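A.B. asks: I'd like to ask you about the structure that follows.
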Amino acid sequence: MGPRALRVGLTGGIASGKSHVLRRLAADGFHTLDLDRVAHGLMAPGGAAYADVVATFGSGIVAPDGTIDRPALGAIVFADASRRLQLNALVHPRVREAEEEWLRQVPAGGVAVVDAALLVETGLHLRFDRLVVVRCTPEQQRERLRHRDGLDAAAAEARLRAQMDPADKARFAHFEVDSSGRPADTDAAVDALAAVLRSQADRVPRRAAPAAELAADWWARLVAGAPPLPEPADVRAAGERGGLELPALQARLRPPRGGAWHDAPGPDPESGAATWAAAAAAGLVAAEHRPGDLDWAAAAGYALGRLGFADLAAHAGAVHVALAACDAASGGPEAGADARARAAARFSPAPPPATATAFARAFAG
């Protein structure tokens with residue numbers, strides 16, 4: 001992985017203040033992209049997704065001027081999760097193409113901020129070097145949403161229920177911005193964040209050749225072990241592309257699992273070795289491509305644990321395995337046990353199960 005810009009994901013619940021934060025970061029000199037605006041453009045008349053969306057949802061969503069009536073479309077997709085998945089399948093791949101093209105234009109050493117409401121819900125947050133979550137109080141969120149979009153209470157609640165709980169989403173954050181106070185207070189918090197991000201732009205994680213060499217034996221042992229799905233090879237291939245996209249890994253699970261990656265129940269706990277292997281693979285991706293980034297390794301392990309298990313202790317086990325793999329492939333406990341414990345505690349206070357500990361020890365040995 002050659003030199004590139006620091007990639008920052010900006011997210012938060014609907015009407016949480018993300019747009020205000022994005023504008024402030026742009027004013028601070030960062031390169032910014034609002035994926036919601038990209039999606040709107042794709043669904044505008046003549047846009048790449050317009051014809052498919054109209055064909056799928058019917059002429060009833062077309063306004064007299066030929067544009068898509070967003071409230072009418074919203075009433076359909078927020079009332080039915082399957083219809084929302086249909087819309088996402090039509091629009092999201094095209095949004096991703098536009099995002100990747102934009103990211104390629106941001107010069108190395110810069111900071112690229114990508115704003116989207118559903119980065120975590122769609123399982124795309126692990127593509128970024130840093131994740132910023134914007135939060136306000138639930139009461140403010142409801143009030144802002146109703147005022148901004150002219151919704152009644154029931155419609156506002158439907159939109160809020162369609163998103164992950166803000167506290168759960170914040171677990172994945174490297175940084176949080178509190179937007180519940182005065183705009184001036186939010187601006188001051190964003191300016192402080194901008195200073196930190198700017199200081200990190202010249203330390204973008206790059207491929208570490210020694211770690212890659214040390215990881216080779218780990219990869220061989222993972223692939224030779226139980227046939228996990230997602231397979232370590234899938235996790236590694238995703239890391240080579242710059243990050244993990246959880247829907248793609250979820251599609252590899254057997255038996256197949258639908259729904260949101262973070263809501264669907266995990267498979268049979270007896271298949272635990274598959275999840276431990278996938279989590280270890282995530283730790284190796286961190287060692288190879290994001291040296292020293294324990295937060296990313298922990299977040300990736302936790303996400304894979306949620307794909308594999310419904311049990312909180314098992315989630316903690318996946319974090320533990322990912323961090324142990326990252327350390328071992330990096331040549332030893334570079335960050336120390338205390339740092340690993342702090343990273344793991346962000347995601348699950350439960351102790352890891354003995355099977356996860358044994359798995360980590362077996363590979364470390």
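A.B. asks: Starting from the eigenvalues of the Cα gyration tensor, five times each then square-rooted, give me the equivalent ellipsoid semi-axes of the range 6-203, largest first, whole Å.
C.D. replies: 29, 21, 14
A.B. asks: Would you mind calculating the relative contact order of the range 6-203 from Cα pairs under 8 angstrom and at least 6 residues apart, reporting the percent as a whole number?
C.D. replies: The normalised contact order for the range 6-203 reaches 38 percent.
A.B. asks: Would you mind calculating the gained length between residue 152 and residue 262 on full extension (0.36 nm times residue separation, minus the Cα-Cα distance), in nm to one decimal?
C.D. replies: 36.8 nm
A.B. asks: Could you calculate the FRET efficiency of residue 67 with residue 341 from 1/(1 + (r/R0)^6), where r is the beta carbon distance between them and R0 is 56 Å, rounded to 0.05?
C.D. replies: Efficiency computed from Cβ-Cβ geometry: 0.60.
A.B. asks: If the chain between residue 310 and residue 59 were fully stretched, how many nm would it gain, using 0.36 nm times the residue separation less the Cα-Cα distance?
C.D. replies: Result: 86.2 nm gained on full extension.
A.B. asks: Right, another one. What would the Debye equation give as log₁₀ I(q)/I(0) for the range 8-73 at q = 0.13, 0.22, 0.28 Å⁻¹, counting only Cα atoms as equal point scatterers?
C.D. replies: Log-scaled intensity ratios, in q order: -0.49, -0.90, -1.13.
A.B. asks: Another one. Could you pull out every residue, at least 5 positions away or on a different chain, whose amide H is within less than 5 Å of the one on residue 31? Hs are placed 1.01 Å off N in the peptide plane, and Pro or chain starts have none.
C.D. replies: For residue 31, the qualifying residues are 111, 113.
A.B. asks: Based on the alpha-carbon gyration tensor of the range 83-138, what equivalent-ellipsoid semi-axes (square roots of 5 times the eigenvalues) come out, in whole Å, largest first?
C.D. replies: The answer is 22, 18, 8 Å, longest axis first.
A.B. asks: Sticking with this one: Provide the gained length on full extension for the span residue 237 to residue 20, in nm with one decimal, where the gain is 0.36 nm per separating residue minus the Cα-Cα distance.
C.D. replies: Between residue 237 and residue 20, full extension yields 74.6 nm more.
A.B. asks: Estimate the FRET efficiency between residue 184 and residue 251 by the formula 1/(1 + (r/R0)^6), using the beta-carbon distance for r and 35 Å for R0, to the nearest 0.05.
C.D. replies: So the FRET efficiency works out to roughly 0.15.
No lab work stands behind these numbers, since they all come straight from the coordinates. This structure is a prediction, so every number in the text was calculated from the model and none was measured. Cβ: placed from backbone, ideal geometry, glycine included. Neighbour counts: every protein chain shown.
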